[in-house]
Amino acid sequence: MTIGPNPLDTVAPSNGAPSRASVARLRPSSRRVRAALRWTLIGLGLLILARYLADAPGITASSTWGSALRLTVPIALVAMGGLFSERAGVINVGLEGMMIGGTWMAGLFGTLGGPWAALLGGVVGGLVFGVLMAVLCIEMGINQLIVGVSINVIAAAVARFMSDIVFSTMDGGTIARSPRIGGDVPHLSLPVLSGGLGTPDLSRTMEASELPVVAQLGGVLGGLTRDVSLAAVLGLLIIPLVAWVLWKTPFGLRWRAAGEEPAALQALGGSVHRTRWIAVLVGSGLAGFAGGYLTLISQGYIENQTAGRGFIGLATLIFGNWTPSGVFFGASLFGISDAVGIGRPETLRALVFVLAVVFAALGVRRLMRGAPGRRLRDGLPSLVLGVALLAIFAFVPLPAAVSSATPYVVTLAVLVVAGTRMRPPAALGRLVPRRTRRS
């Protein structure tokens with residue numbers, strides 16, 4: 001029996017195991033490997049070209065890409081938290097509030113127990129607001145958008161109130177921050193490539209050579225593989241784990257069905273109510289973990305340290321079309337733009353050039369290869385945006401103040417380009433009738 005429309009695209013076996021169609025989605029194929037390699041080389045080529053056109057060595061520097069990796073992780077994690085909730089049919093715009101809860105609780109746990117306790121505290125802080133959302137939305141049937149917005153407002157207020165009560169009484173703490181978290185989680189480097197285990201640092205040698213292509217490749221590889229926090233590694237490993245659960249496990253099948261065809265899930269003997277509870281709690285825990293990771297970077301809780309990353313994670317979820325791989329690539333884009341915003345203005349100009357070429361090429365491709373009835377609607381916004389960015393790159397000097405707004409501008413630009421192709425889960429936001437909530 002087919003559980004749902006296109007995104008499920010699978011037949012549910014009678015024993016509850018994942019279908020062949022869902023399993024096939026994660027099987028490596030030569031075509032996918034070739035495509036990934038091709039796009040990686042194209043991206044590297046664009047970075048090298050932008051580095052010389054904008055005279056911006058920072059766009060391929062190891063420091064930039066190390067920062068990009070660190071800034072990608074919290075966005076990817078909070079977006080994965082939203083993926084869990086929304087794939088099950090529960091709209092979650094409260095990700096920012098869950099992150100705030102995670103940062104505050106991580107500051108408390110980290111002060112008392114160290115960095116690993118901070119990560120645990122982040123999960124606990126996210127779960128507090130996850131339980132609140134599940135009770136209000138799933139049990140009481142209150143509008144999910146209203147609940148999510150309320151969580152964002154309440155979390156910031158509660159964090160400041162509790163900081164005044166708790167952190168202000170501790171040595172080194174104030175109403176705006178926690179005491180400093182002592183220690184850090186281990187950091188890893190790849191042997192030979194990045195100097196791990198006492199081996200030579202090949203990427204540093206390549207970057208220092210200043211040879212075209214070789215130096216840029218060394219900078220990118222070094223930034224992504226040298227001195228990487230173990231917390232970042234664990235956060236990145238969550239992404240393939242979520243993909244495996246989503247496409248290859250019986251729970252993943254129920255999880256997708258709860259967000260696509262709840263009635264079909266119940267007809268097969270599953271519980272939409274229980275599935276949505278699990279999804280919301282796991283999702284809030286991931287959002288809290290993202291907050292805990294931010295606390296480790298800052299070595300303590302700081303008021304407003306999420307800086308809207310929960311909202312960027314929500315935009316990443318939409319841009320990624322509610323898929324783990326799409327979320328990862330979207331988070332990577334926003335992480336890079338955030339890292340570039342920390343650097344010099346010429347680095348931002350280089351990023352503008354890269355985005356202009358990508359958007360313009362995507363627009364041309366959609367105009368030429370899209371469905372006849374949708375070519376203009378899908379391709380024109382991307383093409384216009386690409387041409388506008390090329391004009392900005394060529395003729396408009398970018399002030400340094402623009403750099404801090406880079407992630408948010410990129411968020412809006414990407415949503416404009418991708419908005420016409422998005423398809424949320426069919427039952428997203430749909431309440432399950434009370435009489436059929438439990439199977």
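The values are calculated or read from the model by the stated rules, or taken from the named source; none is laboratory data. Since this is a predicted model, take the numbers as computed values, not measurements. When we count neighbours, we look across all protein chains shown, and the Cβ atoms used for this are built from the backbone with ideal geometry, even at glycine. Only protein heavy atoms, including side chains, enter the accessible area calculation; ligands, DNA and RNA are left aside. Shrake-Rupley method; radii C 1.70, N 1.55, O 1.52, S 1.80 Å.
Counting residues in the range 404-415 that are more than 21 Å from Thr72 (Cβ to Cβ), open to solvent by 50 Å² or more (accessible area, probe 1.4 Å) and part of a helix (DSSP H, G or I) gives zero.
Out of Val93, Val78, Val73, report the one residue that is open to solvent by 10 Å² or more (accessible area, probe 1.4 Å) and either of a type in the set (Val, Ile, Thr) or closer than 29 Å to Ala427 by Cα (or both). Going through Val93, Val78, Val73 in turn, just one is open to solvent by 10 Å² or more (accessible area, probe 1.4 Å) and either of a type in the set (Val, Ile, Thr) or closer than 29 Å to Ala427 by Cα (or both): Val93. Screening the range 374-384 for residues that are in a helix (DSSP H, G or I) and open to solvent by 40 Å² or more (accessible area, probe 1.4 Å) and picking the one that is nearest to Leu314 (Cα to Cα) gives Pro381.
Give the residues of the range 347-362 that are open to solvent by 50 Å² or more (accessible area, probe 1.4 Å) and not small (Gly, Ala, Ser), sorted by residue number. Correct list: Arg349, Val358, Leu362.
When restricted to residues that are surrounded by fewer than 22 Cβ atoms within 10 Å (Cβ to Cβ), within 19 Å of Gly308 (Cα to Cα) and in contact (Cβ under 8 Å) with a residue 24 or more places away in the chain, the range 128-146 contains 1.
Evaluated against (1) of a type outside the set (A, V, I, L, M); (2) part of a helix (DSSP H, G or I); (3) touching a Pro at 6+ places or on another chain (Cβ under 8 Å); (4) open to solvent by less than 50 Å² (accessible area, probe 1.4 Å), Gly292 falls short on exactly one condition, (3).
Counting only helices (runs of 4 or more DSSP H) that sit completely within the range 13-122, those holding 3 or more residues that are modelled with pLDDT under 90 correspond to 20-24, 30-53. For the range 33-56, the count of residues that are under 28 Å from Gln299 (Cβ atoms), of a type in the set (Gly, Ala, Ser), buried (at least 18 other Cβ atoms within 10 Å of the Cβ) and in contact with a helix residue (DSSP H, G or I) (Cβ under 7 Å, 6 or more places away or on another chain) is zero.
Any idea which of Ala394, Ala371, Ala400 is out of contact with any Ser or Thr (no Cβ under 9 Å at 6 or more places or on another chain), open to solvent by 40 Å² or more (accessible area, probe 1.4 Å) and under 23 Å from Leu49 (Cβ atoms)? Exactly one residue qualifies, and that residue is Ala394.
Residue by residue through the range 216-247, note down the ones that are crowded, with 22+ Cβ neighbours inside 10 Å, of a type in the set (A, V, I, L, M, F, W, C) and either under 13 Å from Thr64 (Cα atoms) or without any contact (Cβ under 8 Å) to a residue 24 or more places away in the chain (or both). Correct list: Val220 only. For the range 296-334, give me the residue count where each residue is under 24 Å from Val185 (Cα atoms) and at pLDDT below 90. Total meeting the criteria: 1.
Sub-8 Å Cβ pairs linking a first residue in the range 181-195 that is farther than 13 Å from Gly222 by Cβ to a second residue that is open to solvent by 70 Å² or more (accessible area, probe 1.4 Å), at least 6 apart or interchain, are Val185/Trp116; His187/Asp227; Leu188/Asp227; Pro191/Leu197, ordered by first then second residue.
Of Thr316, Thr295, Thr347, all but one fail to be under 13 Å from the mean Cα position of the chain (by Cα) and β-branched (Val, Ile, Thr); the exception is Thr316. Among the residues of the range 295-310, those identified as in a loop (DSSP other than H, G, I, E, B) and hydroxyl-bearing (Ser, Thr, Tyr) are Tyr301, Thr306. If the condition is being in a helix (DSSP H, G or I), open to solvent by 20 Å² or more (accessible area, probe 1.4 Å) and touching a Leu at 6+ places or on another chain (Cβ under 8 Å), then the range 248-285 contributes Lys248, Arg254, Leu281. Could you tell me whether Gly363 is among the small types (Gly, Ala, Ser), out of contact with any Lys or Arg (no Cβ under 7 Å at 6 or more places or on another chain) and closer than 25 Å to Val233 by Cβ? Considered against the rule, which asks whether it is among the small types (Gly, Ala, Ser), out of contact with any Lys or Arg (no Cβ under 7 Å at 6 or more places or on another chain) and closer than 25 Å to Val233 by Cβ, Gly363 comes out as no.
Let's see how each residue does on (1) under 18 Å from Val131 (Cβ atoms); (2) of a type outside the set (Asp, Glu); (3) under 22 Å from the mean Cα position of the chain (by Cα):
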position	(1), (2), (3)
Leu224	no, yes, yes
Val228	no, yes, yes
Lys248	no, yes, yes
Pro262	no, yes, no
Ala279	yes, yes, yes
Ala287	yes, yes, yes
